[in-house]
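Input: a single structure, listed below in structure tokens.
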Amino acid sequence: MTEETTPPKDFLELRAKREALGLTLKDVFALTRISVVNLEAIETGNFSALPVPLYARNFIKTYARILAVDSGPILEGYEAYISLLKTNVPQVRVDNPEKGEKGQPIGKISHRKTYIITAVVIIAVIAVFIIFQQCQRGPGITGNQPVIPPVAVQPDVKTPEPAKEISEPVTAETGKPVQQVVIPVQKKSMTQLKPVVQQPPPEVEKTKPVVVDTETESLVIKAVEDTWLRITIDRNPPFEVLLKPGETIERKGSDFEVDVGNAGGIKIQFKGKIIEGLGKSGQVIHLRLP
């Protein structure tokens, strides 16, 4: 096991030199566009907080240039840290490759595992076959049950009521009974209800959304060297990209902010114009277009 040591609070007295120049970390950030977190990591020697070595070395050189100091000792410390990471890779030691755990031969263990896996596969295939057969039969349906034809529903026909006889009393003059008059009683026919036809609601004209055209420009960046970029489009959250030589990135928008990690490694095409020679190789710059 390797003991972890805390990094010094002022690596190679970089903080003291910066304070002697009257600069704060925010001032250095404004000059180099290197984040405060990376600047603190360089000052304290906490190299594990830095990005990939390609950008870490560039940040160290740029920071040393601002402080007017030699970047060699700082880079030596960083390279020592990288070498230490490579040497601390854990290695697996096998005492006896012919035997597995508890001294058992590897061949026996593999054969036993093969038998177990084969048995599990066979059981799984049988279970799937049984479930598939049950799904095809369907729940509660057998082939021997007779098919019951549907019963026709007859309408309810109401029989007319019998006619009522109206009898009148015998007259006093003739003494003969008056003829009985049979008057059939008819039921009042119920008025048939006509179905109400619902009319569809009147169609409402759909208004088309108004599309507001915004002027957008195309930004094309082509790399001639390894270059790190951080791009902000229309004040949206920024994104980072690493371009290799020959690679090209194209984005559209109305406002661009670009942080370039290698000013001499890119060419820019904007509004039909080609912009190159933005700075020296390895120089960090900040662009705003238009």
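Read the figures in this text as sums done on the coordinates, not as results from a lab. Here the structure is a predicted model, which means the values were calculated and not measured. For neighbour counting, all protein chains shown are included, and Cβ atoms are generated from backbone atoms with ideal geometry for every residue, glycine included.
Some observations on this one:
- In this Cβ point-charge picture (+1 for Lys and Arg, -1 for Asp and Glu), the range 217-289 has a dipole of about 180 debye about its Cα centre.
- Put simply, the amide H of Val224, placed in the peptide plane, has neighbours under 5 Å in Gly246, Ile266, Lys267, leaving out anything fewer than 5 places away on its chain.
- Under 10 Å, Cβ to Cβ, from Arg230 - net charge with Lys/Arg +1 and Asp/Glu -1: -2
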